[in-house]
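This report refers to the structure that appears directly beneath it.
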Amino acid sequence: MELISVIVFIFCAGMAAGTILLTSRLMKENPVPYAKPLFYHIIFMFAFGFYGIWGQFIIVTVAGSRLTPDMLSTVSVISLLLGLPFLFLGWMMLLRFGAECAGLRLKRYVYGLFIVINLGIITVIGFASGDTVFSEALPLFKYYYSGAAVLCAIITGFILTGSSSSSPGKRDRWFLAAIAMAGALSQSAVLLFLPHSVWMALIFAFLLFAITALLPVYLVYKADLHAYQLPDELKMPRGIEDFYIKHEISPREVDIIREICNGRSNQEIADKLFISLQTVKDHTSRIYSKTNVRNRMQLMTLVQTISNGLSA
C-alpha cells in the first residue's frame, strides 16, 4: 500500500507541475480573460490537495507512531481545517472562470458573500469537530465538500452553457461545463459512497488532481480560441478615427487599445509606452467605460468588428 501511495503521489505531483506550466503557456500565448482565474483555481485546488489530503498521509507516516491516538486525531482535524480556505477560494475562482468565459463580470459583493458564507461554514465545522475524534469529524468535511463542490460546478455549468460568447464557442463551453460537473459529482460519489479507507483517499486525491488538470488541457489542445487572437502588431485601419472621435478616445488611449489588441499585458504595455502600470489600468478603465465594454475580450472583438466593417 505504501508503494501505491507513493506512485499516486508522484502522478499527482506530475499533474500539478504540468498543469501549472500548461496554464502559464495559455496565459502567455492567448490574451483570454479567463486564463488568470483558471490559473488561480488550479493553484488553490492543488494547494488544498497537497495540504489537506496528502498532508494527512504525511502526518500518519512521519508522526503517526510518535503521537497518541488523541493527539494524532487533533492534528489531522486541524490540518484539514487549515486546508479548507484553499478549497473554497478554488471554487470561487472556478465561478469567476465560468463568468469570464461567458463574457460576464461578477460583482464584488458576490465574492465577498461567497467568502463570508464559506468561512462561516468552516467555523461551524471547526467547533463541531473540536471535541470529536477524526473518524467522527470526517463526515462533516465530506458533506461540506460534496455539497459545495457540486453546487459551484452546477452554477458554473449554467453560466457557461447559458451565455452567447463566441470564444470559447458553444460546443467548447458545454464540454467545460461537463468537465466541471462530472468532476464534482465523481469526487462527491467517492466521498459519500466508498467506506473510509486509504483506497478511498487515494482515489479521491487522484480525481481531484486529474479533473483540475482537464480544464486547461481541454482549452489548450481542443478548444477553439481563435476568436480572441488578433494579428501581431495590429495596424488600425483607415477610418477608425471616426470611432475614436465618437467615443472621445484620447491619443494615449488609442495607444493602449492598439497594444491590448496586440495581446500585451498591462505590464508589457507600461514598459513599451514608458508609463506606470497604474496609468495603464486607469486608461484601460476609461476605455472600457467610453466604449461600453467589460473586458479585453469584448474590446478586441469590438475593434475587430469595426476593422472588418471598414475593410469590407
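Numbers for the structure displayed
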item	result
Fully extended contour minus Cα-Cα distance, from Leu21 to Leu302, at 0.36 nm per residue	98.1 nm
Positive-end residue of Leu185, Ile257, Trp174, charge dipole of the chain with Cβ unit charges	Ile257
Mean Kyte hydropathy of 0.0 or more with a Cα span along the axis of at least 24 Å, helices from DSSP in the chain	2-29, 69-101, 108-128, 134-161, 170-193, 198-221
Within the chain, longest stretch free of exposed trypsin sites (Lys or Arg not before Pro) [DSSP loop, at most 15 other beta carbons within 10 Å]	108-221
The chain, relative contact order [Cα under 8 Å, separation at least 6], %	21 percent
Lys281-Leu192 pseudo-label distance in nm [points 7 Å out on the Cα-to-Cβ vector]	4.1 nm
Extension reserve of the Arg108-Ser289 stretch, reckoned as 0.36 nm per residue once the Cα distance is removed	63.4 nm
Given 11 as the ceiling on other Cβ atoms within 10 Å, longest exposed-site-free region of the chain for GluC sites (Glu not before Pro) in DSSP loops	1-232
Dipole in debye (nearest 20) - the range 241-311, about Cα centre, beta carbon charges: Lys, Arg +1; Asp, Glu -1	220 debye
Net charge dipole size for the range 2-226 [Lys, Arg +1 and Asp, Glu -1 on Cβ; Debye, nearest 20]	780 debye
Listed residues Tyr34, Val303, Trp199: farthest to the positive end of the dipole of the chain (Cβ charges)	Val303
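Where a number appears in this text, it was derived from the coordinates with a stated rule and is not lab data. Just so it is clear, the model here is predicted, and its values are computed rather than measured. Because the Cβ atoms are built from the backbone with ideal geometry, glycine has one as well, and the counts that use them run over all protein chains shown.
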